[in-house]
Amino acid sequence: MVSKAKVFVMKSAGTNCDEETRTAFELAGALATIGFAEELFGKAQNISRYHIIVFPGGFSYGDDIAAGKVWATEIKHFFHEELQKFISQGNLVLGICNGFQVLVKLGLLPSLDGTTEQTVSLTFNDSARYEDRWVHLRKCSNKSVFINDTDGLLYMPIAHAEGKFIVKNQKVLNKLFKNNQVIFQYTDRNDRLAGYPANPNGSLKNIAGICDPTGRVLGMMPHPERAVVRTHYPNWRRHTIKPSIMGMTIIQNCVNYIKKSLLS
Amino acid sequence: MNHRIEVSTKPSLTDPIGEEIKKDIQYLGINRIENIRFIRVFILNAKTLGKAALNHIAQNILSDPVSDIYQLEHHIFFSTRSTSSPVEIAFLPGVMDPVALTTHKLLKKVGYEEIASVQTRNRYEIIGNISKREIEFIVKKLLMNSLIQVWLKDERKMYIRRRQSTLRKRTVKILKKSNSELIAISNNGFLSLNLEEMKHIQAYFALRKKNPTDIELETIAQTWSEHCVHKTFKGAITYNGMLIDNLLKSTIVKATEVINKDYCISVFKDNAGIIQFTKEYGITFKVETHNHPSALEPYGGAGTGIGGVIRDTLGTGLGAKPIANTDIFCFGLSHFPIKNLPSGVMHPKRIFKGVIAGVRDYGNRMGIPTVNGTIIFDNTYLYNPVVYCGSIGIIPLKYSHKSPKSDDTIVVCGGKTGKDGIHGVTFASKELSESSEASSSGAVQIGNPITEKKLLDALMEARDEELYHAITDCGGGGLSSAIGEMGQDLGVTVHLEKVPLKYAGLRYDEIWISESQERMIIAVPKNNLKRMEEIFKKHNVDYAAIGTFEKTGNLELFYKKKRVGILDMDFLHNKYPQPRKNACWKRKHFVEPVLQKNIDLEHIILRLLSCPTIASKEVVIRQYDHEVQGMSSLKPLVGTENDGPSDGAVLRPLTNSKRGIVITNGINPFYGKIDPYWMAAACIEEAMRNAVSCGGNPDKSAILDNFSWGDVSNPQILGELVRASQGCRDTAIALHVPFISGKDSLNNTFSLHGKKKSILSTLLISCISICDDVTKTISTDLKKAGNLIYLIGITKRELGASHYYKLYNRIGNSVPCLDLKRSRRTLKKVYRSLKRNVIKAIHDCSEGGLSITLAEMAIGGRLGMEIHLEKVISEGKLRNDELLFSESNSRFVVEIPPQKKELFEHLTDGVPYAHIGKVIKEGTLIINRKKRKLVKLSIEHIATTWKKGIAW
């Protein structure tokens, strides 16, 4: 029997997408555990058991101060080295929504030139309010291992108040594109980089997700774990839903990658 | 020493929060604002905190290097011109400030132990040529609420809670007091006890030859409050000369008994009702009202409303896991002229936006999807908005029941106790007045959803390890009600000094009745205390063992080892004097409108579509996370553009099963003006029609009643309650649908110039229904050109209290009635057709009648329709406007593929149906009567009109 990919879905006070994230990974054939950072790092030294760490969606610490900021500060203060080591060993890290905000504020994304200086941010939506809506995503680069078997425009929901992608300066933006670290852009259904509501939060260059230089750390505002089965889709009654556009494919890719590269 | 850090968005970036406020100010009629910038202020108090440390905190922890700027000890200014006015707003001491708490904890955790406290403030820089008076107006109307906040004209000023003495046992002298003295004691103590009750208490203590202590009297007041015992609903009522012994028992509860469904697991007795879902799981449902608090502080009131009902779910059986929220609101019209509002009343638009934000922030942060709801707009809700919050949970059936055992430890867990919400319960049972804004501040509170989320996570873990025997929530009445009720069959001893406090200075009786949020009570066997503690610690949840359940039959209260109160449970819970009230009801007659013959039907349809009660609620729905937890199978918005309305929500709670639950509601307070009986019938049927449309089995459904009523000391208004309850009973029995839980909120009145103004008698029916296979459910949006359109049901001349008449400011008298037998048959037949997969789209007819149903289906599919009005089955010969706008019950519009025509007609046999038209490719709604073209409207026009009806 081939052993299974092992996933640690990390939670903090206020994380709330942990259970459906675990379910999605289990459906993809992984073993998934939910736990606090303290159960993974430090004395516990459990980290070597896992191949994938997911920072799921939610409102870590209520998003007090700013979205993901408190959780990022804690991780940075206590567990930064271990997390970096985990990445350098060839494992995967996925940040979804609040998890993306954490990775960005932690400096693990985009990690241009391997530094952990924060060079991009996710700030208040132009609409000044929380929004839940389905978005089309263009796959912009093949750099990340997370997007192998996807095809055409992906379709999944966003649900956040602070998802507007911004950069420190033009240089950062140029580098992101040049390094192929921009993974997803919001588009309309015809694959055009359109404004609101196609770009639901006013993100710069419609950026919805980026990876690190290794392609093994991905952060994205949309929720793949909410687009796992056909009936999750708003219009499954109107037409068939192709697996290649589903969020499930991203999750399946993580698991397949681990199987291929680390377990075989 | 206090250190100030200010953080704001970089000037080069737009400030969406400032922009939003600017929009709201324009709505107030002030147009000369150039710009508003929002600045977050943190005040850190520490004996010594070096410049470097302060800078590090500001730069790395409190601000974002990419989006923010910050200042230490100084103000951020965006404009140096004289037209720039700063406004700084702080929370009053003791008001929950989650950001300050989180920040303080974080700073200590990362090494800044020296910081003693953190305070946050909101600072606004208002730039524009406006007067001082206008600034004052903006601050009062938009930027702050004086119940919880203060506008600091001098920013160096700190508001600090003053300490009070804590222990002084007081007795209240009630023995040998006269009637008027007793009333004065009740009023002065905010007890809301009436004379009869005071005399009853007096007699009880006279027997014991002593006066009550303050805490004893408080406990009785809390336990006997309308909010806790529903004494009107359960009391005796003389109705039109006939005696009703117990209204609730003889109507709502009666229906459930008569129907006697085996899937009802727990009804009326727990914090929520439970029905069976699968062999292993049950579904819980409870809907609460939070009207009074939302009138005074919309954000906090609505947020704590949703927080409270979630705790009801958590406190049902041994704890259900909350999986969905619902919310239904009634507000005054958003364009009501602000200058016509009495002082002490908030503008309805501010209430609307505040309530939505409150529910949004609490529900979203808890990670519970808000999946269904509606909003009614009418100016009778100007003074008293109605806020219903519902919570649905899933529970292993083996955990459906609970009872504390003697010798179990009483553990309070979750939030700490402060002075919040003291007298909330007795306040909830009273009317508001122009001065309420100033006098009821204690009753207002702000919630902290993350505290509740942690508590939820911890308790689910403890439940699955079976660590406690019983659980209940601290809601109205605080510990007093929660512990009192939980221990009523046993007896309890409580040591009040053990309760974790937010701050020092609470008196013991305040600890006992405080309504601080996010607290639960559990009964833990002594052996499990250690494991329980581990779980709480892991989730970082505050808790304390505060007493014991003991078979003494007494409630005994101690403070620092000194007994401060003793009452016997039997007196407390069973001996309150049953009130006897008078009620009468006689049908009123309203002017019957005489309408001209040649009505511009297109114009009317567009006006109806844009009236806010009917218009799209998309701007609200999208602010709610309606998909978290990954169960959503029918969204609130559907169709090609994801903007058509749904009749309800479908959830699939278990990944390994296709079985689902359907959640819907029915509400129409306008019908009650004519006859509350038919209002109740219509609400129940509407909820059931919606449920069946979404694929719910009418024979596996259950409903909840929520009454928000006016002044029930007025016999006519109480009569309306009786009449509505009777309508509930008869309709529920006829439709075979049991009530499993409910709630009443009475005395929703506002005292204006000494005159009582009551809200419309408002009944909400919420429905939960089981669906065998979510992959077979249907949505409302039209699917394909060429398909046939059928109208099921009979259209009658029933326009009384319709939205159509409302356009002419008329009520009329022909309220829609319900043919009970036909209703049941229709629901069953429609469900049968749905299960056989012959229906492609379905939508029920309600507000606005057939015209709106057709328009909404067309919007969803962005397809047109050609309808032949002469084919509609009607009772008598009806005019075009009557056919289109009548709100007759028991009607559905369905879309059928031509090849399924015969099968559909066969399956629907026995119910009136008519083939009235077809779906067309052209995006136009065409309505003809014989050869005459009556309506030709483009779907885009219809859609934009409908989507613009609510101004945000």
In whole Å, what is the distance between the alpha-carbon centres of the range B:16-75 and the range B:201-279? 50
Could you give me the ³J(HN,Hα) list for the range A:148-161, computed from phi with Karplus coefficients 6.51, -1.76, 1.60 and θ = phi - 60°, whole Hz, x at Gly and Pro? 3, 8, 7, 8, x, 7, 6, 9, 7, x, 10, 7, 6, 10
Proxy reagent accessibility, fewest Cβ within 10 Å first, across A:Ser203, A:Ser48, B:Ser725: A:Ser48, A:Ser203, B:Ser725
Compute the angle between helix B:179-188 and the longest alpha-carbon principal axis of chain B, please, reported from 0 to 90 degrees and rounded to the nearest 10. 90
Tell me which GluC sites (Glu not before Pro) from the range B:238-312 have a DSSP coil assignment and no more than 14 other beta carbons within 10 Å of their own. B:Glu280
Kindly provide the Kirkwood hydrodynamic radius of the range B:778-952 in Å, to one decimal, from all pairs of distinct alpha carbon atoms. 16.4
Gain in length, B:Ser713 to B:Arg836, computed as 0.36 nm per residue apart minus the alpha-carbon separation, to one decimal in nm? 39.1 nm
Within the range B:770-878, which GluC sites (Glu not before Pro) sit in a loop by DSSP and count at most 14 neighbouring Cβ atoms inside 10 Å? B:Glu875
Quick note on B:His292, B:His736, A:His239, ordering by fewest other C-beta atoms within 10 Å, gives A:His239, B:His736, B:His292
Provide the gained length on full extension for the span B:Arg170 to B:Glu155, in nm with one decimal, where the gain is 0.36 nm per separating residue minus the Cα-Cα distance. 1.4 nm
Whole number please: convex hull volume per residue, Cα atoms of the range B:66-136, in Å³. 140
Cross-link pairs beyond the 25 Å C-alpha cut-off, checked among A:Lys242/B:Lys947; B:Lys419/B:Lys560; B:Lys286/B:Lys776; B:Lys537/B:Lys743: A:Lys242/B:Lys947; B:Lys286/B:Lys776; B:Lys537/B:Lys743
Can you work out the FRET efficiency for the pair B:Lys249 and B:Lys948, with r the C-beta to C-beta distance and R0 = 51 Å, to the nearest 0.05? 0.60
Interchain or long-range residues, amide H under 5 Å from A:Asn125's placed H: A:Glu162, A:Gly163, A:Lys164
Compactness of the range B:571-673 - radius of gyration and Dmax, Cα, Å: 22.7, 68
I'd like the FRET efficiency for B:His335 and A:Glu39, computed as 1/(1 + (r/R0)^6) with the beta carbon distance as r and R0 of 51 Å, rounded to 0.05. 0.40
Restricting to DSSP H runs of at least four residues, report the calculated mean residue ellipticity at 222 nm for chain B, -39500 (n - 2.57) per run over all residues, nearest 500 deg cm²/dmol. -9000 deg cm²/dmol
For the range B:509-623, what number results from the quotient of the Cα radius of gyration and 2.2 N^0.38 Å? 2.19
antiparallel share of DSSP beta bridges within the protein assembly as shown, to nearest 5, in %, is 75
Global size of the range A:82-223 as Cα Rg and Dmax, reported in angstrom: 13.9, 43
The simple spin-label model distance between A:Lys85 and B:Arg208, using points 7 Å out along Cα→Cβ, in nm, is 6.5
Size-normalised alpha-carbon gyration radius of the range A:6-263, reference 2.2 N^0.38 Å: 0.92
What percent of all Cα-Cα pairs in the range B:2-151 falls into each 5 Å bin, going from 0 up to the bin containing the maximum distance? 2, 9, 18, 20, 19, 15, 10, 5, 2, 0
Please work out the ratio of the alpha-carbon Rg of chain B to 2.2 N^0.38 Å and round it to two decimals. 0.96
Compute the long axis of helix B:298-314 from its Cα atoms, compare it with the longest principal axis of the Cα atoms of chain B, and write down the angle in degrees, 0 to 90, nearest 10. 90
So what is the relative contact order for chain B, in percent, with contacts set as C-alpha pairs under 8 Å and at least six apart? 11
Could you calculate the contour length gain from B:Glu902 to B:Leu654, that is, 0.36 nm times the residue separation minus the distance between their Cα atoms, to one decimal place in nm? 85.7 nm
Ascending count of other beta-carbon atoms within 10 Å, so fewest first, for B:Trp946, A:Trp71: B:Trp946, A:Trp71
Longest principal axis of chain B (C-alpha) makes with the long axis of helix B:449-464 (C-alpha) an angle, in degrees to the nearest 10, of 90
If r is the Cβ-Cβ distance from B:Glu280 to B:Tyr808 and R0 is 60 Å, what FRET efficiency results, to the nearest 0.05? 0.65
Please list 3J(HN,Hα) in residue order for the range A:34-39, calculated via the Karplus relation 6.51 cos²θ - 1.76 cosθ + 1.60 where θ = phi - 60°; whole Hz, with x for glycine and proline. 9, x, 7, 4, 4, 7
Each label point is 7 Å from the Cα along the Cα-to-Cβ direction; what then is the distance between the points at B:Gln59 and A:Glu117, in nm? 1.2
Only Cα pairs within less than 10 Å get springs; with that Gaussian network setup on chain A, which residue of A:Pro56, A:Pro222, A:Pro157 has the largest fluctuation? A:Pro157
Return the distance in nm (one decimal) between the two label points of a simple spin-label model at B:Lys575 and B:Glu875, each offset 7 Å from Cα along Cα→Cβ. 5.4
Please give me, ordered by residue number, the trypsin sites (Lys or Arg not before Pro) of the range B:774-877 that lie in loop per DSSP and have at most 10 other Cβ atoms within 10 Å. B:Lys877
Rg and Dmax of the protein assembly as shown over Cα atoms: what are they, in angstrom? 30.0, 89
If amide H atoms are modeled at 1.01 Å from N in the peptide plane, then the residues at a separation of 5 or more from B:Ser745, or on another chain, having amide H under 5 Å from its own are B:Phe707, B:Ser708, B:Trp709
List the residues, sorted by chain then number, that are 5 or more residues from B:Tyr281 or on another chain and whose placed amide H is less than 5 Å from its amide H. B:Leu397
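We did not get these values from a lab; they are worked out from the coordinates using the rules stated. Small disclaimer: the values here were computed from a predicted structure and weren't measured. A quick note on method: Cβ atoms are made from the backbone with ideal geometry, for glycine too, and the neighbour counts reach across all protein chains shown.
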